[in-house]
Amino acid sequence: MTSFSATLGPAPIIRCLNVKYSPNLGDGLLSECLEWALLGQGADPRSGSIDLAGRTEYGQSMAGRGAVMSVLETMPPSLRQQLVRVPLAIQSRRKWQPHYETSLQDAQYAVIGGGNLLSDMDLNFPTKLRLALSEVRKNNIPAAIFAAGMGGHWSREGLKRMRAAVAGGVLNAVYLRDEASKDRWDRLLGDAAGCQATVVRDPGLLARLCYPQTTVRKADMPTVALGIMSSVAIRYHSDIHADPRALRKWYVDLATALHQKGARVVVFTNGAPEDLAELDAVLPDLRAAVPSVVYRPFQRPSDIAELMANCDAVAAYRMHALIAAQSFGVPTLAMAWDDKVASFLASVGRGDWLFDANLPAQDAANILLDLAQNPIDAQHRDSIVSDALNDVATLYQALCRAGSLNA
């Protein structure tokens, strides 16, 4: 990995603005991989992440999050926005702005990313990013967006806040994780920011390097990891109507079919509270149908990496698990629910691994067992990982050069 620290000054303190401590530990995996790669480039060891929600460690989550999502997803968009404005304003004043101000005090550079941060779910990220980038601007900190995803659905107010966040030359560069995100940025935000986006690899693809101790030889029977996602989350974040009973039945039927065909089944969630509630609801039926099913609770992002390294195929909705699996060379059956999943698979040349959510469980089991016999080509995998490393090097160089111009 190339280091620019020797030619571009002393080791800089870089603050990454993201959702590292989200209950969805996949966000933590992306953040830890990016931090690891920046340190490898020569960043100061004091570098690290600033969680946009003000969280400071893993395991902190909003009580009743699933219930709130269930209520909001039933409301018309205009009513939802009116309902969330007051709590967003209160949190902005009491928690988020002071958190950003304190956390950025010693920062020499700032990076916004990764994850799907450029999105407008009830004005959440537009509000936080406008506050965070206001602090970056006030302190004249060179900044870039890196490996973020950009959603396609924006309210008028959300886009207004996002354009205000990136205006005024606050960003020195913008790197997004797929072509769809780039197209949206260039069309909706590029003129406000004064720069177009460049496509880069997701830092989660560095998982096999960031967590090397997790690579262990697999068992003699095929192991398939089945990711459980809540129907509430699917409906909240997409236009797909996911019926909870039908989804739970599909999980049970798939686990049963895999077991009958000689596979070991491990179920997991990325840690989001609504997904854990879904798992609690379906686990008794899973264990009744497949007594040998294994549930793997995760406490830290490295737990996701460990499971991906030790299975032969993965079935999941959540993209973070799919990214980590790609890093370890494990093929995936991805369920279509959000276009970011399709965009990621296309970016690694595996659009054929995306399947309709109505795929019958028996067909899914056959596909997974076939995938388990055909791991990702090591040369192709390593080439993608190398690309991801080089992209972080490009980010580091761009930041340092911007800093030298500002000096």
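A few points about this structure:
- Leading residue by the ranking (modelled with the lowest pLDDT) among those in the range 1-42 that are part of a loop (DSSP other than H, G, I, E, B) and among the aromatic types (Phe, Trp, Tyr): 4
- Condition check for residue 210: over 22 Å from residue 402 (Cβ atoms) and crowded, with 19+ Cβ neighbours inside 10 Å: yes
- Lone qualifier among 343, 383 - being over 25 Å from residue 295 (Cβ atoms), of a type in the set (Ser, Thr, Tyr) and in contact with an Asp or Glu (Cβ under 6 Å, 6 or more places away or on another chain): 343
- Some residue of the range 54-61 being over 20 Å from residue 128 (Cα atoms) and at pLDDT below 95: yes
- Only listed residue being of a type in the set (Ser, Thr, Tyr), under 23 Å from residue 221 (Cβ atoms) and under 25 Å from the mean Cα position of the chain (by Cα), chosen from 251, 236: 251
- Test: residue 334 is in the same structural domain as residue 224 (by TED's automatic domain parsing), aliphatic (A, V, I, L, M) and more than 21 Å from residue 294 (Cβ to Cβ): yes
- For the range 83-200, no strands (runs of 3 or more DSSP E) sit wholly inside it while including 1 or more residues that are β-branched (Val, Ile, Thr) and out of contact with any strand residue (DSSP E or B) (no Cβ under 6 Å at 6 or more places or on another chain).
Residue-by-condition table, conditions (1) surrounded by 19 or more Cβ atoms within 10 Å (Cβ to Cβ); (2) in contact (Cβ under 8 Å) with a residue 60 or more places away in the chain; (3) more than 24 Å from residue 330 (Cβ to Cβ); (4) not assigned by TED's automatic domain parsing to the domain that holds residue 33:
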residue	(1), (2), (3), (4)
175	yes, yes, yes, no
183	no, no, yes, no
187	no, no, yes, no
196	no, no, yes, no
267	yes, no, no, yes
277	no, yes, yes, yes
280	no, no, yes, yes
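- Residue within the range 144-156 that is among the hydroxyl-bearing types (Ser, Thr, Tyr) and more than 19 Å from residue 395 (Cα to Cα) present: yes
The values are calculated or read from the model by the stated rules, or taken from the named source; none is laboratory data. The structure displayed is predicted, hence computed values, not measured ones. Reconstructed Cβ throughout: ideal geometry from the backbone, glycine too, with neighbour counts over all protein chains shown.
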